[in-house]
1. Multiply the residue gap between Val146 and Leu44 by 0.36 nm, knock off their C-alpha separation, and tell me the result in nm, one decimal place.
2. So, with +1 on the Cβ of K and R and -1 on the Cβ of D and E, and no other charges, what is the size of the charge dipole of the chain about its Cα centre, to the nearest 20 debye?
3. Which whole-angstrom value gives the distance between the alpha carbon centres of the range 112-177 and the range 210-245?
4. What is the calculated FRET efficiency for Thr86 to Trp60, with r their C-beta to C-beta distance and R₀ = 35 Å, to the nearest 0.05?
5. Determine the relative contact order of the range 27-111: mean sequence separation of Cα pairs under 8 Å and six or more apart, normalised by residue count, in whole percent.
6. Could you tally the net charge around Arg82, taking each other residue with its Cβ under 12 Å from the Cβ of Arg82, Lys/Arg +1 and Asp/Glu -1?
7. Tell me, what are the semi-axes, in whole angstrom and largest first, of the equivalent ellipsoid of the range 65-213 as set by the roots of 5 times the Cα gyration tensor eigenvalues?
8. List, in order, the whole-Hz ³J(HN,Hα) value for each residue of the range 295-311 obtained from phi through the Karplus relation with A = 6.51, B = -1.76, C = 1.60 and θ = phi - 60°; use x for Gly and Pro.
Amino acid sequence: MADVIEVGAARPDAPPRAPRRGGPSAAGGWTSRSTPYLFLAPYLVLFGVFGLLPIGVGVWMSLHMWDFQLPDAPFVGLDNYRDLFTPDSVVYSDWWQAVRATTIFTVASVPLLVVVPLGLALLLNRAFPGRTFFRAAFFAPYVLGVAVIGLLWRYLLDANLGLVNRLLGVLGLPADTPWVTGLPWVWISLVGVTVWWTAGFNAVIYLAGLQDIPAELYEAARVDGASAWDRFRHVTLPGLRPVVLFVVTTTVLASANVFGQSYLITLGAPSNETRSVVWYMLQHGVRDNDAGRAAAMSIVFALLLAVVSVANFRIFRYRED
């Protein structure tokens with residue numbers, strides 16, 4: 001006798017029915033698709049208000065003669081940008097001197113802030129008594145604000161009353177070095193203080209990257225007879241490539257935006273040789289009431305940093321081998 005199929009039950013060979021429109025499945029699908037955007041909405045709002053909007057206002061200001069003391073802002077087009085590249089303009093000499101100072105500081109500090117923290121991370125990644133204390137000690141200066149760092153080292157490096165020259169005198173070395181007023185000592189001071197201040201942060205980033213490298217790779221290299229240098233070249237550096245990309249990019253951007261160190265330690269001396277781009281933009285835009293040219297400087301400077309960042313990504317880009 002044939003099996004009896006209950007009324008309302010689906011036949012075994014019948015195709016599955018599509019869910020009704022507007023039913024629970026449709027509502028659930030819409031909700032699942034919109035969930036990521038709901039989570040992103042607060043960030044997108046903040047990014048639009050504090051990121052995109054200031055950029056748009058800056059570009060608009062750079063196209064006008066923006067003086068806070070004038071009732072209106074006449075449109076000047078690209079004249080503010082043109083003045084930055086015209087030798088006989090009022091801002092050409094000071095602008096390119098600030099670019100030169102920022103370039104010197106960046107080129108001198110970035111290699112040290114990439115290599116020195118890597119060496120510290122390799123040492124602090126080993127197991128030895130007091131490792132946690134030394135990790136905290138090297139990172140501690142980074143938590144101090146730039147105002148504290150600047151004032152502290154301004155007094156320590158003072159040519160007449162500073163503790164550094166006094167210690168050099170006790171050791172029988174020249175005790176009249178102009179650390180904050182003469183060349184090339186001002187650059188040594190700025191770079192040295194910056195490395196002491198921020199190297200701990202990069203070291204922590206390197207430590208996180210070192211702990212992600214599988215220990216089996218080092219064991220296999222030892223079995224193959226690889227030396228410590230070979231293990232560093234063929235295991236450590238390839239494993240840290242994404243971390244190195246991050247460290248180099250962020251360090252270049254931070255060094256290029258230097259302001260507090262030169263403003264507080266050297267005061268721009270000698271003869272504005274250490275006045276950075278950020279300092280000059282602030283000075284020209286606020287003190288000299290020429291926010292239009294200052295905005296043009298910021299746009300040009302941002303484009304230069306964007307080019308450098310893209311170059312870093314192309315050089316250190318990570319490939320899965």
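1. Here the answer is 33.7 nm.
2. For the chain, the charge dipole is close to 620 debye.
3. Cα centroid to Cα centroid, the span is 30 Å.
4. 0.95
5. Relative contact order here is 13 percent.
6. -2
7. 39, 25, 15
8. Ordered by residue, 3J(HN,Hα) equals 5, 4, 4, 5, 5, 4, 5, 5, 5, 4, 5, 5, 5, 5, 5, 4, 4 Hz.
Readers should treat all values here as calculations from the given coordinates under stated rules, not as data from a laboratory. Keep in mind that this is a model prediction, so the values were computed, not measured. Cβ atoms come from the backbone with ideal geometry, glycine included; neighbour counts cover every protein chain shown.
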